[in-house]
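One structure below.
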Amino acid sequence: MTSGNGQQKPAAGAVQGLQIQGGAAIVAPATAFQHGLPPNAMVVIPINKPTDELKENLEKGPMAVTPEQMWTLLGFNGPAVQVQDDQGRPIAIGLEDLLSGLEKHWKENPKDLNRARVFAQELLKHQRLQKAEQVLSKLVAKGGTGDDWLALGIAQLQQDKLDKAEGTLKGAANLIKNSPYPPLHLARLFGKKGDHGAEREHVDQALEKDAGCVDAWAYLFQSVREADGEDKAIAAVEEKAEGKKNAAPWVAVQGFYANSEDTRPKAIDFAKRGVDANSDDPVALLCLSALYGQASDLPAVVELLSKHESKMSNNVHLANNYFEALFQTRQIEKVTKLLNALAGSANKEVKQFAIQRSQLVAQFLQQQQARLAQTGKA
């Protein structure tokens, strides 16, 4: 089921209906798994044109390769990343080719700041921090926006250039006064410096600017827990969240417990507090329904989300969790009703989801009819 666990997303939530176990192996195309690949699946990719060197090495027996060598064997210059071509179709390209292409595109017209921003975003995304800092410094020098200052400050902070980062992030805070992220990253900076008073002051500033910032609540919980323990961290969140119709604090906290089966009951309790605080918050509903799904409590998913079908016409993740719970419990009539309603959605993503799942349900029913027919003949 779709996970909405803010800070930490569980790896085992992708496919609830199909779990592969045992020592045997299944080799099948990815299209055979209609709900996505099982979390414990291994992917086998054929090599179309093995080199003479690879053939020679394989004749000697099994061989181990590094991740970098694997991508080279598959024909990529660096790890494969997905991008869109000029017609919007998804294609895979090597990371090094992507970055060199973006840099060339920027240098063809250095005055186009948007080209520099796209390049810098990809550099940050793939942790090329020093290069990202260089590009962002040029952006800021040419009159960049507050977001450019913020990105530069983050790049400097991640490289532990604390004095530079402090000045840059304060500049970002002056330019984008309503954003919680400059003070939040300043809190991280002061945490690295060991100034816990300034750290807490800036976390509070971030929450004053946006009480719905899950990242800020998560940082508050984490910083207090590291300093004073779990109980005081929960108490700090409770005190700050008291009297507010705000699910964000508990969406943040449950994320720290959602990844482990041992702590999942605690994650469910916190997620319930989020829904109790604001039952109209789709992220809170998403978190709790995903946790129920991981715990294989599908009736609880159905009971929770059945009251919020109206939200699904604009939220494909909620729609997915509700569909999975209904379909896996074989409530086909409710599934059909849901998909018919979603097919009329103005949201393209939801509409496409409804079409694809309708095809899946039709295929399932055809298989059921074929089995009944065979049973009748027997």
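The values are calculated or read from the model by the stated rules, or taken from the named source; none is laboratory data. Please read these numbers as outputs of a predicted model, since none were measured by experiment. Cβ sites come from the backbone with ideal geometry, for glycine too, and all protein chains shown count toward neighbours.
Answer yes if at least one residue in the range 293-307 is acidic (D, E), within 24 Å of the chain's Cα centre (by Cα) and not in a helix (DSSP H, G or I), and no otherwise.
Yes, that holds for at least one residue.
Name the single residue, out of those in the range 252-289 being part of a loop (DSSP other than H, G, I, E, B) and within 20 Å of S310 (Cα to Cα), that is nearest to the chain's Cα centre (by Cα).
Among those that are part of a loop (DSSP other than H, G, I, E, B) and within 20 Å of S310 (Cα to Cα), it is D281.
Which condition does A258 not pass, out of (1) over 28 Å from I176 (Cβ atoms); (2) buried (at least 21 other Cβ atoms within 10 Å of the Cβ); (3) at pLDDT 95 or above; (4) touching a Pro at 6+ places or on another chain (Cβ under 9 Å), if it passes all the others?
It fails just one condition, (3).
Condition first: among the hydrophobic types (A, V, I, L, M, F, W, C), under 26 Å from G243 (Cβ atoms) and not assigned by TED's automatic domain parsing to the domain that holds L339. Now tell me which residues in the range 269-319 satisfy that.
Of everything in the range 269-319, those that are among the hydrophobic types (A, V, I, L, M, F, W, C), under 26 Å from G243 (Cβ atoms) and not assigned by TED's automatic domain parsing to the domain that holds L339 turn out to be F270, A271, V275, A277, V283, A284, L285, L286, C287, L288, L291.
Within the range 55-66, identify whether any single residue is under 24 Å from H126 (Cα atoms) and not aromatic (F, W, Y), and answer yes or no.
Yes - at least one qualifying residue is present in the range 55-66.
Whether any residue in the range 132-148 is in the same structural domain as R188 (by TED's automatic domain parsing), over 18 Å from L175 (Cβ atoms), surrounded by fewer than 15 Cβ atoms within 10 Å (Cβ to Cβ) and in contact with a helix residue (DSSP H, G or I) (Cβ under 6 Å, 6 or more places away or on another chain) is what I want to check.
Within the range 132-148, not a single residue is in the same structural domain as R188 (by TED's automatic domain parsing), over 18 Å from L175 (Cβ atoms), surrounded by fewer than 15 Cβ atoms within 10 Å (Cβ to Cβ) and in contact with a helix residue (DSSP H, G or I) (Cβ under 6 Å, 6 or more places away or on another chain).
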